[in-house]
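Student: What follows is a single structure, and I will ask about it in a moment.
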Amino acid sequence: MALKKKQTTQQIESKIFEDYIQAQIVFKDINNSEDLRVDALEFLISEQSINHMLKLTNMLFGENKIEDHIYIDIIFNSFHGKNKTDKDYDELLKTLQSTNVYLRNMAIKYLQESNEEAIFFIEKLLKNDDKDIRIFALNILGDVKYDKSIDILRYFLVLEKDINVIMTAVDYIGEIGSIDDIALLESLKLEHKDNQYLIFGVDLAIDKIKG
C-alpha cells in the first residue's frame, strides 16, 4: 500500500513511496522513526541527483546533532561511483563552509576519497577570491597527496600573491616536494626579500626537502 500524504507518517507501516516529494516529507519529519527516515532517504537517493541531495543536506543539517550523523553518512556514501557535475561541486563548496563541523568533515573526507576526480574542483577552489578558500584547497591538496598535487602546487605558487596563502603552499612543497623545487623556493626569497616571515618559512621548507 502506498503512503498517503494526509496520514501521520509515524503510523504508516508501508515503506513504499509514491514519489520523491512524499519521501522528502517523510524524511524531513524528525518525529518519524529512524528506520522510516532511512527508508525515505534511500528512496530520495535513488531518485535524485548529487546536487539535490547536497542542497537537502545543507538545508537540514546546519547544526551538529549526533542523531543526524547516520543520515549524513548514508548521503555521502551514496555519492561514490556516481558521475559528478560542476553544479555538484558548487554545492559541495557550500557544504565545506557549513557551521556543522561533522558535515564539513564528511565533505572533506569525500573529497579525499574521490582521488583524481576531485582535482578539477580543487583547482577551481584555488582560483576563489576568498584566500581562506584557497588555503583550504591547499590543505586538501597537500594532505591527500594526489599524483598531481606537487605540479598544481608549483603552478599555484608562481601566481599567488597573498603571503599567508603562499606560506601554506610552501609548507606543503617542503613536505611533498623534491630537490627540483629548491630553485622555485629560492626565487620566492628574492621576490619577497623584505619579508622575514616568508624567508624563514622558505628556509624551513628547503631544509625539509634536503632532509
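Here, each number is a calculation from the coordinates, and none is a lab measurement. A quick note: this is a predicted structure, and the numbers were derived from the prediction, not measured. So basically every Cβ, Gly included, is an ideal-geometry build from the backbone, and we count neighbours across all protein chains shown.
Student: Sorted from fewest to most neighbouring beta carbons within 10 Å, what does the list Leu204, Leu96, Leu141 look like?
Tutor: Fewest-to-most Cβ neighbours within 10 Å comes out as Leu204, Leu96, Leu141.
Student: Shape verdict for the stretch 19-109, please, from the Cα gyration tensor: rounded (a/c under 1.5), prolate (a/b greater than b/c) or oblate.
Tutor: It comes out oblate by the Cα gyration axes.
Student: Label points 7 Å out from Cα along the Cβ direction at Asp129 and Ala183: separation in nm?
Tutor: 3.7 nm
Student: Out of [x] 18.2; [y] 17.0; [z] 19.6, which label holds the value of Kirkwood radius over Cα pairs in Å that was computed here?
Tutor: Only one option fits the structure, namely [z].
Student: Quick one: helix 182-191 against the long Cα principal axis of the chain, what's the angle to the nearest 10°, folded into 0 to 90?
Tutor: Tilt relative to the chain: about 80 degrees.
Student: Next question. How big is the dipole moment of the chain about its Cα centre under a simple scheme where the beta carbon of each Lys and Arg is +1, that of each Asp and Glu is -1, and everything else is neutral? Debye, nearest 20, please.
Tutor: Using only the charged Cβ atoms, the result is roughly 400 debye.
Student: So which trypsin sites (Lys or Arg not before Pro) in the stretch 161-211 pass both tests, a DSSP loop state and at most 14 other Cβ atoms within 10 Å of the Cβ?
Tutor: Lys161, Lys193
Student: Work out the charge dipole of the chain with +1 on the Cβ of Lys and Arg and -1 on the Cβ of Asp and Glu about the Cα centre, then indicate which of Leu141, Leu185, Ala40 is farthest towards its positive end.
Tutor: Positive-most Cα among the choices belongs to Ala40.
Student: Any idea what the dipole of the stretch 70-153 comes to, in debye rounded to 20, about its Cα centre with Lys/Arg Cβ at +1 and Asp/Glu Cβ at -1?
Tutor: Dipole of the stretch 70-153, to the nearest 20 debye: 120 debye.
Student: Something else about it: Let a ≥ b ≥ c be the square roots of the eigenvalues of the Cα gyration tensor of the stretch 98-142; is it rounded (a/c under 1.5), or, if not, prolate (a/b larger than b/c) or oblate?
Tutor: oblate
Student: What do you get for the angle between helix 50-60 and the principal long axis of the chain? Use alpha-carbon atoms, 0 to 90 degrees, nearest ten.
Tutor: 80 degrees
Student: Given the options Phe121, Met59, Asn195, identify the residue whose Cα lies farthest towards the positive end of the charge dipole of the chain (+1 on Cβ of Lys, Arg; -1 on Cβ of Asp, Glu).
Tutor: Most positive-ward Cα: Met59.
Student: Angle between the Cα long axis of helix 86-96 and the longest principal axis of the chain, 0 to 90 degrees, nearest 10?
Tutor: Approximately 80 degrees, to the nearest ten.
Student: With the cut-off at 1.5 for a/c, could you classify the stretch 108-189 from its C-alpha gyration tensor as rounded, prolate or oblate?
Tutor: It comes out oblate by the Cα gyration axes.
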